[in-house]
1. Looking at segment 106-115, which of its residues are closer than 16 Å to Arg136 by Cβ and either of a type in the set (Val, Ile, Thr) or in a strand (DSSP E or B) (or both)?
2. Here are some residues: Lys187, Lys182. Which one is in contact with a Leu (Cβ under 8 Å, 6 or more places away or on another chain) and either part of a helix (DSSP H, G or I) or free of Cβ contacts under 8 Å to residues at least 12 places away in the same chain (or both)?
3. Pull out all pairs, ordered by first then second residue, where Cβ-Cβ is under 9 Å, the residues are six or more apart or on different chains, the first lies in segment 124-136 and is more than 10 Å from Pro114 (Cβ to Cβ), and the second is loosely packed, with under 15 Cβ neighbours inside 10 Å.
4. Looking only at segment 116-167, filter to residues that are at positive phi and modelled with pLDDT of 95 or more; which one of those is surrounded by the most Cβ atoms within 10 Å (Cβ to Cβ)?
5. Suppose we keep only residues that are among the β-branched types (Val, Ile, Thr) and outside any strand (DSSP E or B) within segment 116-135. Which one would you say is farthest from the chain's Cα centre (by Cα)?
6. Out of contact with any Lys or Arg (no Cβ under 6 Å at 6 or more places or on another chain), in a helix (DSSP H, G or I) and loosely packed, with under 15 Cβ neighbours inside 10 Å: which single residue out of Gly73, Gly77, Gly83 fits that description?
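The values are calculated or read from the model by the stated rules, or taken from the named source; none is laboratory data. Keep in mind that what you see is a predicted model, and the values were worked out from it rather than measured. Neighbour counts are summed over all protein chains in view; Cβ atoms, including those assigned to glycine, are modelled from backbone coordinates with ideal geometry.
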Amino acid sequence: MAIILSIETATTNCSVSLSKEGEIFALKEDYNNSFSHAERLHVFIDDILKENQIDKSEIKAIAVSKGPGSYTGLRIGVSAAKGLCFALDIPLISVSTLEALAHQVQIEEGFIIPMLDARRMEVYADVFNAQYKSVRGIKAEVLDEMSYAEYLENNMVYFIGNGVAKTKILIQHKHANFVENKLPSAKQMGALAYYKYKKSDTEDVAYFEPYYLKDFVALKPKPKL
């Protein structure tokens, strides 16, 4: 019986889940607009285990959202996942943040474009078909009126993630559908993590790093007047 604990901290949603053989049976998350990972992640992990009477020794693997996303959020999630893997001597599984986000949309045809805000008019995005296969790859890209025109021309396209708010201002196409107010969640990670677990597709706990996509740039504080 493979119980996997999944951790999602790539955006403001601090989210953890428990799954058994790929089926989610418990979820705890803080679905808001501010970062609370440092204060709540370990509390959420302890709570979800106690509420479901799961001992840490029963966990067979830890899955973590690997990015792209918030630099600080990803580091907190990966650090927590690594610590649990070391302590319990169990494997670490990484799950693409954008792939998991795409699984919040179910379609029969067309494309799904999960996108995360990357400041100004830039987003981190990928393009998936109806079978959740990436058809382009992850990019950090600046949006304009012609973004994703090749996918929109003859297909329905579903945009999802916190990059949607600025995308819908620029892209006004009859084939564009905007799934609003959605963030990556550990709810979609269970099945993806179990698929990797069965193949022993795991990470080196000592050397694994989040997929930042871009280098971290610290902003200078504004001068006090």
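1. Answer for segment 106-115, where residues must be closer than 16 Å to Arg136 by Cβ and either of a type in the set (Val, Ile, Thr) or in a strand (DSSP E or B) (or both): Phe111, Ile112, Ile113, Pro114, Met115.
2. When all the criteria are applied, what remains is Lys187.
3. Asn129/Glu109; Asn129/Val135; Ala130/Gln106; Ala130/Glu108; Ala130/Glu109
4. So the first thing to find is which residues in segment 116-167 are at positive phi, and the list is 119-120, 132, 137, 148, 161.
This time we only want the ones that are modelled with pLDDT of 95 or more, so: 132, 137, 148, 161.
Values: Tyr132: 15, Gly137: 8, Tyr148: 22, Gly161: 27.
The extreme case among them is Gly161.
5. Val135
6. Details: Gly73 fails: loosely packed, with under 15 Cβ neighbours inside 10 Å; Gly77 fails: loosely packed, with under 15 Cβ neighbours inside 10 Å.
Result: Gly83 is the single residue among Gly73, Gly77, Gly83 that is out of contact with any Lys or Arg (no Cβ under 6 Å at 6 or more places or on another chain), in a helix (DSSP H, G or I) and loosely packed, with under 15 Cβ neighbours inside 10 Å.
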